[in-house]
Amino acid sequence: MNALLHADPLGAAISPVALLLIGLAAIAYLRGLRQLHLVGEPVRAFRHALFVAGLLSLAVALDAPIAPAAARLFTLHQVQHLLVRLIGPLLIVIAYPWPVLRAGLPRPVRRWLGRRKDHPAAQSAARALSRVGTSFVLLVASLYVWQVPVLHNAAVAMPPLALVAHLGMTLAGLNFFAVALDRRSAPEGAPHGKRLLALVGVIVSNRLLGSLTTMKETVLYPAY
């Protein structure tokens, strides 16, 4: 336990794998821009800017200057969670990069995805993830689970676990905002009332967890 709590925080802070994934997303986007005939719609400059801003938010959160300090300071660690779970995913979803990213994928991958999307299991998973309730629960759980002291302390000290936590938060954020900001209205998309309630619920859940953590009179996270 002592070795866990006193591991080098800088080594646990930076996630090369996450940065590699961000780089691959950027490469796919640039390749897609060179094949706009596959995109099927015009892509305005503000969407490019939002996508870049989203990727930069994730990169800054997972690398210097925030990541090394976040392994030492609880406050900055929560700023890191805010970036990877909410701000980065929100900017990316508003940019609506999916057609460009698909166009930028290698042709065999595009064909494989085209075949898989009609698979019953893939369709069932897509329906489940596109429900407001499911996306909301996943987003809230992605924060609350990793605030459990034993998991949080371990994630601060163990790089692989920190990577799992941060990637899970990012995926949950992308899925939630994709549902909440879906271009389609009901019945294809979720009813707007449910979307609004989910957005308010996310704000309330963040404030609730912050209040509960602030009012604790015992040390919860000795890993810092």
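The values are calculated or read from the model by the stated rules, or taken from the named source; none is laboratory data. Everything quoted here is computed from the prediction, not taken from an experiment. Cβ: placed from backbone, ideal geometry, glycine included. Neighbour counts: every protein chain shown. Side chains included, ligands, DNA and RNA excluded: accessible areas come from the protein's heavy atoms. Shrake-Rupley method; radii C 1.70, N 1.55, O 1.52, S 1.80 Å.
Of all residues being surrounded by 19 or more Cβ atoms within 10 Å (Cβ to Cβ) and under 13 Å from Ala141 (Cα atoms) in region 159-174, which is nearest to the chain's Cα centre (by Cα)? Just the residue, please.
Out of the qualifying residues, it is Thr170.
Sort out which residues of region 36-51 are open to solvent by less than 50 Å² (accessible area, probe 1.4 Å) and either farther than 13 Å from Ile94 by Cα or among the aliphatic types (A, V, I, L, M) (or both), and write them in order of number.
Passing the criteria: Val39, Val43, Leu50.
Within region 160-172, does at least one residue satisfy the condition of being at pLDDT below 95 and outside any helix (DSSP H, G or I)?
So far as region 160-172 goes, no, none of its residues is at pLDDT below 95 and outside any helix (DSSP H, G or I).
For region 113-157: of the residues being hydroxyl-bearing (Ser, Thr, Tyr) and part of a helix (DSSP H, G or I), which is surrounded by the most Cβ atoms within 10 Å (Cβ to Cβ)?
Checking each candidate, the answer is Ser135.
Looking at region 78-112, which of its residues are open to solvent by less than 50 Å² (accessible area, probe 1.4 Å) and either more than 27 Å from Ile66 (Cα to Cα) or of a type in the set (Val, Ile, Thr) (or both)?
Those that are open to solvent by less than 50 Å² (accessible area, probe 1.4 Å) and either more than 27 Å from Ile66 (Cα to Cα) or of a type in the set (Val, Ile, Thr) (or both): Val84, Ile92, Val93, Pro99, Val100, Leu101, Ala103, Gly104, Leu105.
List pairs: first in region 181-208 and free of Cβ contacts under 8 Å to residues at least 60 places away in the same chain and outside any helix (DSSP H, G or I), second of a type in the set (Asp, Glu) and open to solvent by 50 Å² or more (accessible area, probe 1.4 Å), Cβ under 9 Å, 6+ apart or cross-chain?
Asp182/Glu188
Tally the residues that are assigned to a helix (DSSP H, G or I) and touching a residue at least 40 places away in the same chain (Cβ under 8 Å), restricting the search to region 211-222.
Of the residues in region 211-222, 1 are assigned to a helix (DSSP H, G or I) and touching a residue at least 40 places away in the same chain (Cβ under 8 Å).
Restricting to region 59-75, name every residue that is open to solvent by 50 Å² or more (accessible area, probe 1.4 Å) and not aliphatic (A, V, I, L, M).
Pro65, Arg72, Phe74, Thr75
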